[in-house]
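Read through the structure below, which is laid out as structure tokens, and then see the notes.
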Amino acid sequence: MPPPAPAALPRLLAAISAAAASPADLRRLSHLILSPSAPLPPIRCLNTLLMALARHRMLPDMESLAARMPARNLRTYTTLINAYCLAGDLPAAKRHLSSLLRAGLAPDSHAYTSFVLGYCRAGLLSHACRVFVLMPLRGCARTAFTYAALLQGLCGTGMVREAMAVFAGMRPDGCAPDQHVYSTMVHGLCGAGRTGEADALLTEAMGDGFVPNVVVYNALIDGYCSTGDLELAVGVFEGMQSKGCLPNVRTYTELICGFCKSGKVERAMVLYSRMVEAGLAANVVTYTALIQGQCNEGHLECAFRLLHSMEANGLVPNGWTCSVLIDALCKRGRVEEAQQFLGSLDQKGIKVNQVVHTSMIDALCKAGKVGDAHNLMQKMTTEGFVPDVHVYSSLIDGLCRENKLSEAMSLLDDMMESGVQANAVTYTILIDKLLRTFGSEGPKKIFDRMVVAGIKPDVFTYTVFIRSYCQEGRMEDAESMMVQMIDRGVFPNLVTYNTLIKGYANLGLVSQTFSSFKSMVDNGCKPNEESYTVLLELLLKKNSSDDLVTNAVNAWRIADTKLLDGLLEEVIKLQGTPACYIYGCFIRCLCRFDRLEEAKGFLAGMQSANLTPNEDVYTCIIECCCRLRLLKEALRFLDSMAKNGYLPHLESYRFIICALCEEGSFHTAKSIFGDILSKEYNSDEIVWKILIDGLLKKGYTADCSSLLSFMEEQNCRPSAATYARLTGEITVASEVQEIAT
């Protein structure tokens, strides 16, 4: 049959291009082109169709087309090889490579690069490296995509040093790094905790004329957010915009996640406002990060308001979203509400996945409702879900909490009989309970069973043993267990070190306690408030009469300034790190017990040492002032906080504004509210936290209405849904007050 006329070729290529957007259209066009009654298209058209099928991973259709092609060229084979390498089917890719060689053709750079990519995705890095080395020996130049494929494979397995060596050889190989290569390297370095090197690499590249795109900037922002260096992440965010690179949804979402994880949900809400103003639509990940941020700070009402906003925008909460809310409700003892929320998801037609069920089961067990948790597991099973190790571990933990050890052990046996393999967490839960019940010799049998099953003890397993030895005063055994875990490649964490420090402190062994503290610091483990509290308790005992009982509740309340100063000086000397963090811990602990004057003294000492207080330091002092109803003091610190570039918590403002309205000082309250509006706070969050959860809840309806009008005058109108809810609640509250009077 004659081939189509030359004039028909552009139309045929255009038809293939148009069909490429839909797998169904591609399949129909493929059948039409290969119909026995149709003229045979030229190989160029067939290869174009083959590539379109490959892009949609339509491997059977692609194979069928290739089998009916009367002739194949290098592009045909390369397309087939690449498709199978991407799909992870290396044997099929090798089969087409053999066909290519039998046809008397030589593989080109694209074919070799496909194998580099395929081997990397399969985790066969040695094979990928062998192909990479072979390429120039076979006369095939490596491309930027070849390098990117290998670099991604190396970085993905933590071989960043090797990736850096490969990257260094790019330019000598005559290959300039592109956006994909730089993005891969930045991600790899950041993932290895080497964010500073990633930044330096990008700065050097930009000095050579490289212009990063949003993907590269996002990789660096994500790296800084992962290490908690949020201000550096913000610096990158602002720098990319100054260079004409506009942030996308992922950019904002990464920053929002970073701020929420660091407890700075109001900064995250500001970014959310900017994102909306930029015309970008938040996605499920964005909303879920904000919801989790509000939950972590205890603002569950705000979290559910965000959920409603999310649903109003046509987004469906995923398993992560639902798990976050269920967990937050249960942690605050609102288990019935969590169960109602889970039930409401079914009513809304939202399919609940195993993650959500598991989260609910775990929460019920922690709340002491093991029966309800077991019923939910049975419901899961009837819905086709198979309980996994996480579900069983939660139930075993719940039974242990209720002192039903024999039932917990029986459930472990049932779990194993069901084909579910216990993990280190499962065994550690049982070991912990046995240790608490029978002492250090209690869990020998279950520990032996764990070892026989091939389950390696993790840091938590070792830590519960160390805790038991410490409680029994067997410090040599505790130290021996520390050595044993390190020898086996398991490194102590903060809880492990604090446990050991507390063990020595309980025995009154000052030298050993501080020695263990130094060991923790020397091994790169950052002390926390509990660490300093244990040290303070020990010093109090040594410096006080025998009948003085001290514990974590009252140590910070009763310690005098001299003792606190001495401890501060000692830990700064031992840690040998910037003292800003240590001062912050001391100030927070003192504020927690309303020792404002002492906290202010440490703040002054901090500033005289040229150390800048962080946001948390100001916040805890302001909250302390509010609890003591020292409003002028609180306002002074709020002003200082703002001048230092920090965004004060809206809860602090809420307390002050409510207190001023209670005193009848509405004009002062309005002035402070005006200061809030002049800052970058999210308008909805202002309404939620100050007007609804503050003034309206306390019954100051008229003041709430006035401040809402003031917001409108200042062009700070909240969203339509928030505005409607607030005005509705104001109307209801006004009517109730009118009836009551």
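The values are calculated or read from the model by the stated rules, or taken from the named source; none is laboratory data. Just so we're clear, the structure is a prediction, and the values are computed from it rather than from any experiment. Counting neighbours? That spans all protein chains shown, and the Cβs are built from the backbone with ideal geometry, glycine included. Quick note on the areas: whole protein, heavy atoms, side chains included, nothing else; ligands and nucleic acids left out. Shrake-Rupley method; radii C 1.70, N 1.55, O 1.52, S 1.80 Å.
Here are some notes:
- FRET efficiency estimate (nearest 0.05) - Cβ-Cβ, Gln607 to Arg717, R0 25 angstrom: 0.05
- Rounded percent of accessible protein surface that carbon and sulfur make up, region 26-127, 1.4 Å probe: 58 percent
- Working note: Karplus 6.51/-1.76/1.60 with θ = phi - 60° gives region 420-429 the couplings 9, 7, 5, 10, 4, 5, 4, 5, 5, 4 Hz, where Gly and Pro are set to x.
- With each label modelled as a point 7 angstrom along the Cα→C-beta vector, the Lys379-Thr727 pair spans 3.9 nm.
- Positive minus negative residues near Gly188 (Lys, Arg vs Asp, Glu; Cβ under 14 Å): -2
- The calculated FRET efficiency for the pair Lys573 and Thr157, based on their C-beta separation and a Förster distance of 60 Å, comes to about 0.90.
- Per-residue 3J(HN,Hα) values for region 159-176, derived from phi via the Karplus relation 6.51 cos²θ - 1.76 cosθ + 1.60 with θ = phi - 60°, read 8, 5, 4, 5, 4, 4, 5, 5, 4, 4, x, 5, 5, x, 7, x, 10, 7 Hz in sequence order (x marks Gly and Pro).
- Fraction of accessible area attributable to carbon and sulfur, region 254-388 (%, probe 1.4 Å): 52 percent
- The 1.4 Å probe gives accessible areas that order Lys689, Lys698, largest first, as Lys698, Lys689.
- If a spin label sat at a point 7 angstrom from the Cα of Gln179 along the line to its beta carbon, no backbone N atom of region 39-66 would be nearer than 15 Å.
- Counting only heavy atoms of the protein chains and using a 1.4 Å probe, Asp222 has close to 50 Å² of accessible surface.
- Cα-based helix-to-principal-axis angle, 459-471 vs the chain, degrees rounded to 10: 20 degrees
- Distance between the modelled labels on Ser410 and Asp477, one decimal in nanometres: 3.1 nm (7 Å Cα→Cβ projection).
- The eigenvalues of the Cα gyration tensor, multiplied by 5 and square-rooted, give region 546-650 an equivalent ellipsoid with semi-axes of 24, 19, 10 Å from largest to smallest.
- In degrees, nearest ten, helix 631-643 long axis to first principal axis of the chain (Cα): 30 degrees
- Acute angle (nearest 10 degrees) that the helix 109-121 long axis makes with the longest principal axis of the chain, alpha-carbon atoms: 40 degrees
- Computed over protein heavy atoms with a 1.4 Å probe, the accessible surface of the chain works out to 47 Å² per residue.
- Scalar couplings 3J(HN,Hα) for region 647-655, obtained by applying the Karplus form with A = 6.51, B = -1.76, C = 1.60 to θ = phi - 60°, are 9, x, 5, 5, 4, 5, 4, 4, 4 Hz; x denotes Gly and Pro.
- Extension reserve of the Lys348-Leu509 stretch, reckoned as 0.36 nm per residue once the Cα distance is removed: 51.9 nm
- With a simple spin-label model that places each label point 7 Å from the Cα along the Cα-to-Cβ direction, the separation between Asp89 and Lys679 comes to 5.9 nm.
- Residues in region 35-77 that a label on Ala24 would reach, taking backbone N under 20 Å of a point 7 Å out along Cα→Cβ: 52-62
- Taken over the chain, the percentage of Cα pairs per 10 Å bin, counting from 0 up to the bin with the maximum distance, is 2, 10, 14, 20, 22, 16, 9, 4, 2, 0, 0.
- Principal axis analysis of the Cα atoms in region 210-307 yields extents of 46, 28, 17 Å, listed in decreasing size.
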